[in-house]
Amino acid sequence: MTEEEMRMTFTEHLGELRDRLIRSMIAVVVAVVACYIFSDRILDVIKRPLDPVISGTMAPGTAVPPPASQSVPPVTAGPVDAAVVTPHPAPAENATKSRSFSWTVMNPFESIQVKLKIASYGGLVFAFPFILWQLCAFIFPGLKVGERKLVKVLLFGCAGLGVLGVSVAYFGVFPLVLPYLLEWTPLWVNVQLRLDETLTIIVKCLAAFAVAFQFPMVVLVLVYLDLLSPKTLREYRKIVIVSLSVVAAVLTPPDPLSMTIMLIPLVLLYEASIWMSYVVVRRKKQAAEQQQ
């Protein structure tokens, strides 16, 4: 069979594209339904970084003064050893009210809205690998061997960096930053976390970290296209670090701690991308020499 006979016609390509789109849509629907069924468990996972402060416990070093109407019980008459003395301890001078946080909804439909959001977000996330596999299966036959390797490296690299970014945000930033931000609220303010808005903020921050950690792959692609060189990456290191600081300040909550937690991995990834750029240039030269 010749190469021309192996090639698919335009109509066959459209038919294959239609089939793969239908499969992808079915995968999204199945994933959305599954996430809706397990939405309560997914919500527990998403809000877990806030669990230490959503406990209704008092802040360290605080005390609750007794009500004004409460009086000291009288002392019964009789010998001193038989007296029952139960005075109420005097309140501390700097006593403050206890700190309590709670989740809240503003209307009867907000809980259902949250479940639908979790189902839609989660469905897209869980179905995305299958959609990507269908896309690659459609495109790969038209690529050369070297181009296929490059696409595979990009896909696995982007996926790994995305998971790394989400992990840094979920296990590093949120448990430290979110309670810290809540403690900034004055003690006389009753803090109620609206379920819909808080969930949206957490999901957006996770997505922002996943996108920001794609920076090394962008650098490597530019190096592969000869738009950047390892020498240029070294020379502009200071400018890039300042730019990454601005990006970290924009994508994180307004406090130095969360910005630092995001900036340090980005700087390390940039240094790693400089080292990887040498590898990309060397392999590209070797491939060019082999073709000659």
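The values are calculated or read from the model by the stated rules, or taken from the named source; none is laboratory data. Because the structure is predicted, anything quoted here is derived from the model rather than measured. Virtual Cβ from ideal backbone geometry, glycine too; neighbours counted across all protein chains shown.
What the table below lists for this structure:
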read-out	value
Residue in the stretch 214-228 that is farther than 25 Å from Ala288 by Cβ, at pLDDT 85 or above, over 22 Å from the mean Cα position of the chain (by Cα) and not in a helix (DSSP H, G or I) present	no
In the stretch 212-236, residue nearest to Val166 (Cα to Cα) [restricted to those that are aliphatic (A, V, I, L, M), surrounded by 15 or more Cβ atoms within 10 Å (Cβ to Cβ) and free of Cβ contacts under 8 Å to residues at least 60 places away in the same chain]	Ala212
Any chance Pro216 is touching a helix residue (DSSP H, G or I) at 6+ places or on another chain (Cβ under 9 Å) and within 25 Å of Ala159 (Cβ to Cβ)	yes
Listing of helices (runs of 4 or more DSSP H) fully contained in the stretch 1-88 that carry 1 or more residues being loosely packed, with under 12 Cβ neighbours inside 10 Å, charged (D, E, K, R) and modelled with pLDDT under 50	3-6
All positions within the stretch 237-287 that are of a type in the set (Phe, Trp, Tyr) and either touching a Gly at 6+ places or on another chain (Cβ under 6 Å) or surrounded by 15 or more Cβ atoms within 10 Å (Cβ to Cβ) (or both)	Tyr270
Where a residue in the stretch 139-155 is surrounded by 13 or more Cβ atoms within 10 Å (Cβ to Cβ) and its partner, wherever it lies, is charged (D, E, K, R), with Cβ under 9 Å and at least six apart	none
